[in-house]
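A quick write-up on the structure given underneath.
The values are calculated or read from the model by the stated rules, or taken from the named source; none is laboratory data. Keep in mind that what you see is a predicted model, and the values were worked out from it rather than measured. Heads up, the Cβs are rebuilt from the backbone with ideal geometry, glycines too, and the neighbour counts pull from every protein chain shown. Surface areas here come from the heavy atoms of the whole protein model, side chains and all, with no ligands, DNA or RNA. Shrake-Rupley method; radii C 1.70, N 1.55, O 1.52, S 1.80 Å.
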Amino acid sequence: MRLSTGVLLALLISPLAQAELIDDVNDRGELRIAVQSDTPPYAYKENEHLTGFEIELGQAIAKELDVRAQFVEAPADQLLPGVQSGKFDIALDQLDAKQTLDGQLDISQPYGADARVIPFQKDNPAFESAVNNALQRIKDDGRLTALEQKWLKNQAASQ
């Protein structure tokens, strides 16, 4: 009887022990988004305010998740380690689906003309689903295309 009670308690407690990232985001009421602030037209400062494609995309994703977007400026070499450690929820960094993260992070479905992806902590299926659903809604209603036209049309022409 002791063994079965212990097993039952372990089963009941284990889902609580590993909180889902989406629960943390909802509890905080904000999505912590890491960006580099010196990569125009993706993310850069204009009049001391962050602007660019990634900023507007991050705001749209946060709105779809019904939370605020909290942008955190970080150097390129700290973006992915910061996501992995939980300092940031996601990083918007022009990461494309062909780049490998060596299994350290999970990524969103590819989005946009360049098949970019959003990295986040591993083993958070509800968060992954929420981000992918948000991206799909942003794509389906034309907002993603509009953002790419607004921010990246000159980028594509110069390549």
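Filtering segment 77-110 to residues that are open to solvent by 20 Å² or more (accessible area, probe 1.4 Å), outside any loop (DSSP other than H, G, I, E, B) and either within 16 Å of G58 (Cα to Cα) or not polar (S, T, N, Q) (or both) leaves D77, L80, P81, D96, D106, I107.
Of the residues D93, D102, the single one that is in contact with a helix residue (DSSP H, G or I) (Cβ under 6 Å, 6 or more places away or on another chain) and charged (D, E, K, R) is D93. Residue pairs whose Cβ atoms lie under 8 Å apart, separated by 6 or more positions or on different chains, with the first residue in segment 115-134 and under 15 Å from F88 (Cα atoms) and charged (D, E, K, R) and the second open to solvent by 10 Å² or more (accessible area, probe 1.4 Å) and not in a strand (DSSP E or B), are K122/G103; K122/Q104. Examine segment 57-68 for a residue that is free of Cβ contacts under 8 Å to residues at least 40 places away in the same chain, open to solvent by 40 Å² or more (accessible area, probe 1.4 Å) and touching a Gly at 6+ places or on another chain (Cβ under 7 Å), and state whether such a residue exists. Yes, there is a match, as at least one residue in segment 57-68 is free of Cβ contacts under 8 Å to residues at least 40 places away in the same chain, open to solvent by 40 Å² or more (accessible area, probe 1.4 Å) and touching a Gly at 6+ places or on another chain (Cβ under 7 Å). Within segment 112-134, the set of residues being farther than 19 Å from E20 by Cα and either part of a helix (DSSP H, G or I) or open to solvent by 20 Å² or more (accessible area, probe 1.4 Å) (or both) comprises G112, A113, D114, A115. Within segment 118-145, the residues that satisfy the criterion of being modelled with pLDDT of 95 or more and farther than 21 Å from D66 by Cβ are P119, T145.
Within segment 44-76, being assigned to a strand (DSSP E or B) and polar (S, T, N, Q) holds for T51, Q70. Run A19 past the list (1) among the small types (G, A, S); (2) modelled with pLDDT of 95 or more; (3) part of a loop (DSSP other than H, G, I, E, B) and report the number of the one that doesn't hold. Going through the list (1) among the small types (G, A, S); (2) modelled with pLDDT of 95 or more; (3) part of a loop (DSSP other than H, G, I, E, B), A19 breaks only (2).
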